[in-house]
Amino acid sequence: MINSSRKRVPGVRRFAVAISMTTCSTVLHAAPVATVATAPADSAALSRPLVMTLADAGNAEPAGMSQSTGVVQTDTSPTGTVTPTPSSAWNQLTPWTVFHGYFRAGVGASDGHSQACYQLAGALIKYRLGNECQVYGELEIDQTLYKFSNGMQLSAVGMASLVNSLDRVPTFHTSNGNQGNIRLPQSYVQLTDIPGLDAARIWFGRIYYRRHDVYANDFFYWNPTGLGAGIENVSIGGGLKLSYGLFRKDTVNAQYYATRHDLQLSGVHPNRDGELQFGLSYIPARAPVSGSNGLMQDAHSGWSITMQHVQSNLLGGKNKLAFQYGTGPGTGLSYTGTLSNDHRYKSLRVLDAFDWQATRDFGGQVVGIYQRDIAPSGGSQTWVSMGVRPAYAFTQHIKLQGDFGHDLVTPSGGPTRKLLKASVALTLAMDRSFWSRPELRVFYTYAHWNQAAQAAAAPGDPLSTTGIFGTSRTGSTVGTQMEWWW
């Protein structure tokens, strides 16, 4: 039973405001969402799993967030690796209120046009240095509501995200060619420091939940984020911790409600500084949904599993090796995939990402990805991605960093598409570390793609013959960008 003797935050109305914020968010998200039709690059796109990346700015989230008050930390953020810069003390607005955020903006030019960004059709992500065409920000307030006499705390977290095209006036609204919006991707309440439950927490609302990502290409490969409720990091003995979340909707823009159960086990240590983490996601069948042809289709059940090994204290950084497999709607691989997919649809992914700070001045990240998507009627494809982002600090505030990424997509019965992208950036930074922010970069980006990639690109895409580079299969960009998280 909760002890009724407690300290109250000055201004008791904060509790009502926080509950209203979460309730309003839930009610608003329950309203019907208009479906935005987009033309896939090829017929297989209709059968591939839906995966969020930062390119889908209305739904996705950048690395380096979120450090909510009392949130149980998982190995999902570069800010968990080094001390954030500048010191986080400045964002402690009051003893009860903490302010976090993320922001990036820039300007660039490609062949006399506004900045182009290069992504291969069928690849789920793109390598980001000198290759981001949006202004993006996240503003988060973490508010402690009650401190109970037994040490337990009740708090609320609210976050607004803002998106705008680089080459448009920042209205943060979709109109006149601008792709922009303002969303509320996080709005939840939580109980932490619960007596007898160690580092566990209980939460309810819309939340960024136990996210794992690769910074270099902004790929959130294990990310069961959504609207729901759960209990996290419950000790079950032997150093093992269990987490369970029940979700009803992945993103604000998701068309349908669909139940998703997420169960995770952590704390298995097979070797020194190493940890095994396991995840199971199950999506039960629901009522029929509207298909791409406008006709109603049966919705199917599906599941996915994830096994990940995290090796810490490796050249000043860590290595993540993840294996993921899913069927049906589980082909989202921790997200909710296409609900009309049946057991014939399968996805397998192997990912390895290693970030290092080998010396005071030399850090970076390297990643390799293999993904095989199996679908009937010729909808299968294989995606392979390799990239590296090294950074070297010449002085405390001046770095040189590069970014090299190579993507290959082979659809069933079709030629392999290829995209090679390379960037270099002279960087003004707060400190020498690879993770130090804010950074101001002046960059040059070069990209080359093959004829198969050109043919598969959507009309108007920089890689297509109707894009700004025409029939050429090379492109370049110069520009500047600022990035900051706190």
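So for the range 351-438, what are the equivalent ellipsoid semi-axes in whole Å, largest first, each being the square root of 5 times an eigenvalue of the Cα gyration tensor? Could you put the intermediate results ahead of the total?
On the way: eigenvalues 258, 31, 14 Å².
Sorted largest first and rounded, they come to 36, 12, 8 Å.
What is the gain in length, in nm to one decimal, between Tyr257 and Asp167 on full extension, counting 0.36 nm per residue of separation less the C-alpha to C-alpha distance? Don't skip to the end; give the middle numbers.
Values: separation 90, 0.36 × 90 = 32.40 nm, distance 3.46 nm.
Taking Tyr257 through Asp167 to full extension adds about 28.9 nm, to one decimal.
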Unit Cα scatterers, Debye sum, the range 340-486: log10 I(q)/I(0) for q = 0.11 Å⁻¹: -0.58
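Summarise the long-distance tail of P(r) for the range 125-182 by giving the % of C-alpha pairs beyond 12 Å. Walk me through the intermediate numbers first.
Numbers: 1201 of 1653 pairs.
Percentage above 12 Å: 73.
Let me check I have the definition right: for the range 192-239, take the eigenvalues of the Cα gyration tensor, multiply each by 5, take square roots. What are those semi-axes in whole Å, largest first?
Values: eigenvalues 125, 44, 13 Å².
Over the Cα atoms of the range 192-239, the ellipsoid semi-axes are 25, 15, 8 Å.
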Percent of C-alpha pairs per 5 Å bin, the range 218-281, short to long: 4, 16, 22, 20, 17, 11, 6, 3, 1
Radius, Kirkwood style, for the range 202-328 when every pair of distinct Cα atoms is counted (Å): 16.3 Å
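Could you tell me the calculated FRET efficiency between Asp352 and Val442, based on Cβ-Cβ distance and R0 = 35 angstrom, to the nearest 0.05?
Numbers: r = 31 Å, r/R0 = 0.88.
Using R0 = 35 Å, I get an efficiency of 0.70.
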Column: log10 I(q)/I(0), Debye, Cα scatterers of the range 251-302, q = 0.22, 0.32 Å⁻¹: -0.88, -1.18
Separation of the Leu242 and Thr466 label points, Cα + 7 Å toward Cβ, nm: 5.4 nm
Among Ser412, Phe354, Pro390 - extreme Cα towards positive end, dipole of the range 303-412, charges at beta-carbon: Phe354
Label-to-label distance, nm, for residues given as Arg372 and Phe323 (7 Å Cα→Cβ offset): 1.3 nm
Which listed pairs, of Lys346/Lys421; Lys318/Lys418; Lys249/Lys318; Lys241/Lys318; Lys126/Lys418, have C-alpha distances above 24 Å, in listed order: Lys346/Lys421; Lys318/Lys418; Lys249/Lys318
Debye intensity ratio I(q)/I(0), log10, the range 85-177, q values 0.15, 0.23 Å⁻¹ (C-alpha model): -0.79, -1.19
Length-normalised contact order of the range 236-338 in % [C-alpha pairs under 8 Å, at least 6 apart]: 20 percent
Contour minus Cα-Cα distance for Ile182 and Gln92 (0.36 nm per residue): 29.9 nm
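FYI, it's all coordinate maths here, none of it is from the lab. What you are looking at is a predicted structure, and each value in this text was computed from that prediction instead of being measured. As a convention, Cβ positions derive from the backbone with ideal geometry for all residues, glycine included, and neighbour counts pool all protein chains shown.
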